[in-house]
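Down below is the structure, laid out as structure tokens.
The values are calculated or read from the model by the stated rules, or taken from the named source; none is laboratory data. The model shown is predicted, which means the values in this text are computed figures rather than measured ones. Cβ atoms come from the backbone with ideal geometry, glycine included; neighbour counts cover every protein chain shown. Each accessible area value is taken on the protein alone, full model and side chains, heavy atoms only, with ligands, DNA and RNA left out. Shrake-Rupley method; radii C 1.70, N 1.55, O 1.52, S 1.80 Å.
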Amino acid sequence: MGAAGHRARLRERLLTGGSEALADYEVLEYLLFGALARGDTKPMAKALLDRFGSLAAVLNADPGALKQVKGISDASVGQIKIAALVARRMARSEVTDKPVLGSWQALLDYLAIDMGHLTVERVRVLYLNAKNRLLLDHHVGDGTVDEAAIHPREVIRRGLDCGASALILVHNHPSGNPEPSRADIQITRAIAEAGRHVGITVHDHVIVGREGHASLRAKGVI
């Protein structure tokens, strides 16, 4: 039986054991089955975890970096990236059709999956209607969060254009530490002040990092 028997045992555990049935390296093993018809995928799975540090980091890794790991082919990269895409789509579906403030943990999960492992700082604004449903997920740009890059009046103007009643600022810290900087606090207050004049509420500014997230509302900034 050998490798075939091992694959069958993993499949059985996956189908009967629930979400925690497989260790992270076994999840990667199983993903790689689709790219390698026969043989042992465990060494590649463990090499990926050694190289990138976690299952999430493997799923979010650049294709070129993945292929630097011995045994990882284009087909293997495809298996990994489709799993990452499925995870993002599932997380996003938990957010898009529900009131965002009533699905806060789902929003945080989506943002962590989508932004937690980016290597550049990315700024997004989530515009909400009067029922706090998502109207627009706007990618403002990449780079440092400050007024030179993000213009409060432009953020609010786009909200007026799409009929938003509220917004949530989001950006990531590639360092992994989500603690807000002075610039993060200043831009949040500037946008909140601009919004007050036209009836657009800034519900929060969420900073995402590999080590978790920070809410500027929870910290009393707004």
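By the gyration tensor of its Cα atoms, with a ≥ b ≥ c the square roots of the eigenvalues, what is the shape of the range 1-75: rounded for a/c under 1.5, prolate for a/b over b/c, or oblate?
Taking the square roots of the gyration eigenvalues as a ≥ b ≥ c, the range 1-75 is oblate.
Subtract the Cα-Cα distance of residue 85 and residue 6 from 0.36 nm times their separation in residues, and report this length gain in nm to one decimal.
25.8 nm
To check you understand DSSP bridge types, tell me what percent of the beta bridges within the chain (both residues inside) are antiparallel, rounded to 5.
Around 70 percent of the beta bridges assigned by DSSP in the chain are antiparallel ones.
List the trypsin sites (Lys or Arg not before Pro) in the range 24-119 that DSSP assigns to loop (not H, G, I, E or B) and whose Cβ has at most 15 other Cβ atoms within 10 Å. Which are they?
38, 67, 70
Could you give the dipole magnitude of the chain about its Cα centre, charging the beta-carbon of Lys and Arg +1 and that of Asp and Glu -1, in debye to the nearest 20?
In total the dipole reaches around 380 debye.
Amide H of residue 212 versus every other amide H placed in the peptide plane: which residues, excluding those fewer than 5 positions away on the same chain, fall under 5 Å?
Under 5 Å from the amide H of residue 212: no residue qualifies.
Given +1 on the Cβ of Lys and Arg, -1 on the Cβ of Asp and Glu, and no further charges, what dipole in debye does the range 58-103 carry about its Cα centre, rounded to the nearest 20?
Here the size comes out at about 40 debye.
Under the classification rounded if a/c is under 1.5, otherwise prolate if a/b is larger than b/c and oblate if not, where does the range 96-136 fall, given a ≥ b ≥ c as square roots of the Cα gyration tensor eigenvalues?
Oblate.
Note down the nm distance, to one decimal, between modelled labels 7 Å out along Cα→Cβ at residue 162 and at residue 193.
2.5 nm
How are the alpha carbon pair distances in the chain distributed across 5 Å bins from zero to the largest one, expressed in percent?
1, 7, 13, 16, 16, 12, 10, 8, 7, 5, 3, 1, 0, 0, 0
Pulled fully out, how much extra length does the chain show between residue 33 and residue 20, if you take 0.36 nm times their separation in residues and subtract their Cα-Cα distance?
2.8 nm
Please report the relative contact order for the range 125-164, taking Cα pairs under 8 Å with a sequence separation of at least 6, and give it as a percent rounded to a whole number.
About 41 percent, as a whole number.
So for the range 11-127, averaging the separation of alpha carbon pairs under 8 Å that are six or more residues apart and normalising by length, what relative contact order in percent results?
Across the range 11-127, relative contact order equals 20 percent.
Please report the relative contact order for the range 113-199, taking Cα pairs under 8 Å with a sequence separation of at least 6, and give it as a percent rounded to a whole number.
This gives 36 percent for the range 113-199.
So what is the accessible area of the range 105-159 per residue, in Å², with the probe set to 1.4 Å?
It amounts to 52 Å² per residue over the range 105-159.
Considering only C-alpha atoms, what is the centroid distance from the range 113-151 to the range 159-222, in Å?
Here the two parts' Cα centres lie 9 Å apart.
Work out Dmax and Rg for the range 129-222 from the C-alpha atoms and quote the Rg first, both in angstrom.
Rg and Dmax of the range 129-222, Cα atoms, are 12.7, 35 Å.
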